[in-house]
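The values are calculated or read from the model by the stated rules, or taken from the named source; none is laboratory data. What you are looking at is a predicted structure, and each value in this text was computed from that prediction instead of being measured. Here Cβ is always computed from backbone atoms with ideal geometry, including for glycine, and neighbour counts include all displayed protein chains. Remember, those area values only see protein heavy atoms, side chains included, never the ligands or the DNA or RNA. Shrake-Rupley method; radii C 1.70, N 1.55, O 1.52, S 1.80 Å.
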Amino acid sequence: MYGLYTLLALLFFFGAWYILRLRHQVALLSHRISFHVGLSARLGILIVTYDAKSDEAVLSEDLARLLALPEKIGGLAAQQEAILADEKHKYYPIVRALTSLKEDARYQLVRRGMAPRHFLLRGYVMKDLAGTPAYLVGTLRDITARENEEARLAVRAQFDGLTRVHNSSATRAWMKEHVGLRPGALFLLDIDKFKTVNDTIGHQGGDQALVCVANALRQALGGRGFVGRLGGDEFICYIEENDLDEVDALADAIHENVTRLGEEARLGLPITVSIGCALLENEDYDAAYKKADGALYRAKNGGRNQHMIVG
């Protein structure tokens, strides 16, 4: 009997010791999580933790506020598959972050009345002292500023620094993708005797003349089409319009705008352009350019400061 009591006492003390050890591990783990949550908040990283045993996720205060969710969410395990299949689900960014254990996942938060925000999501496994997985920790790192800057630089790289119209590479890429899809008109133009312009008023004056032509094209098209600079004094524009009268009127407007803007800039000599225009049905860009270039050649040979339209 004495031995039985001794055994029961040992079992009691061992059980108590084990329970205290588990409590210590949980307290230590909770302390670590609290530390990481606080540190991450200072670094602009939003945190969600998940306890697999209780099937409960706990959101940091700033994350709960951002997503308009309660700080504690239970019952995610049974919904995981359905949540991950629907990016518009209110719990999607949380579950996606917790389950992205191997690499970052991208997420864009779109809410009415606010600008889109971009996040990198990543999940991590936290283990107890025995090395057993106990928690999942999901992080949402805000990269909106970086994404906006990259987008701004990407857009900027598509435009000519002087005239602010699309540059040569962006223009050719756009034309190859869009010309030929619908009936339209391709305009090809350059400044008459541009070398003489540069020799007379200098390269700074020549740059001003290029800006005048770019502005004249923008004003004439009024946002209806695409304007680009192919290089030097050669410009190109495209509109989805192949009615002869409409295209002729647009060419007249370009001539008038160039003359007026040149006079307003007080460059010291008149600025004019020659224009070749091709009316298109289903020609691709290379064929369309060839037609417009032929029309431009005829306009120059005809005395310049005029336009020629070919069908």
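At 1.4 Å probe size, put Arg146, Arg106 in order of accessible surface, largest to smallest.
On the way: Arg146 100, Arg106 145 Å².
If we order Arg146, Arg106 from most to least accessible, we get Arg106, Arg146.
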(request) Estimate the FRET efficiency between Glu240 and Glu56 by the formula 1/(1 + (r/R0)^6), using the beta-carbon distance for r and 51 Å for R0, to the nearest 0.05. (result) 0.35
(message) Let me cross-check Arg182: its accessible surface, 1.4 Å probe, with only protein heavy atoms counted, in Å² to the nearest 10?
(response) 130 Å²
(request) Specify the angular offset, from 0 to 90 degrees and rounded to the nearest 10, of the alpha carbon long axis of helix 285-301 from the longest principal axis of the alpha carbons in the chain. (result) 30 degrees
(message) Given the options Gly232, Ala154, Ala214, identify the residue whose Cα lies farthest towards the positive end of the charge dipole of region 154-282 (+1 on Cβ of Lys, Arg; -1 on Cβ of Asp, Glu).
(response) Ala154
(request) Please state, to two decimals, what the Cα-based radius of gyration of region 94-205 comes to when divided by 2.2 N^0.38 Å (N = residues). (result) 1.94
(request) Among (i) 59, 44, 32; (ii) 77, 43, 38; (iii) 124, 41, 30, find the value of Cα extents along the principal axes in Å that was calculated from the structure presented, and write down its label. (result) (iii)
(request) State the Cα centre-to-centre distance between region 266-308 and region 117-160 in whole Å. (result) 50 Å
(request) Enter the angle in degrees (range 0 to 90, nearest 10) between the Cα long axis of helix 2-42 and the first principal axis of the Cα atoms of the chain, meaning the one along which they spread out most. (result) 20 degrees
(request) Just name one of His307, Ile254, Ala265: the one whose Cα is farthest towards the positive end of the charge dipole of region 243-311 (beta-carbon charges, Lys/Arg +1, Asp/Glu -1). (result) Ala265
(request) Of the options Pro70, Gly223, Pro133, report the single residue whose Cα projects farthest towards the positive end of the charge dipole of the chain (beta-carbon charges: Lys, Arg +1; Asp, Glu -1). (result) Pro133
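Quick check for me: using +1 on Lys/Arg Cβ and -1 on Asp/Glu Cβ, what's the dipole size of the chain about its Cα centre, in debye to the nearest 20? Don't skip to the end; give the middle numbers.
On the way: 37 positive and 39 negative charges, 332 e Å.
Using Cβ point charges on Lys, Arg, Asp and Glu, the chain gives about 1600 debye.
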(message) I want to check a number: in the chain, how many lysine pairs have alpha carbons closer than 29 Å, given a sequence separation of 8 or more or different chains?
(response) 24
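Please work out the average accessible area per residue across region 124-231, using the 1.4 Å probe convention, and give it in Å². Walk me through the numbers before you get to the answer.
Numbers: 5620 Å² over 108 residues.
Dividing the accessible area of region 124-231 by its residue count gives 52 Å².
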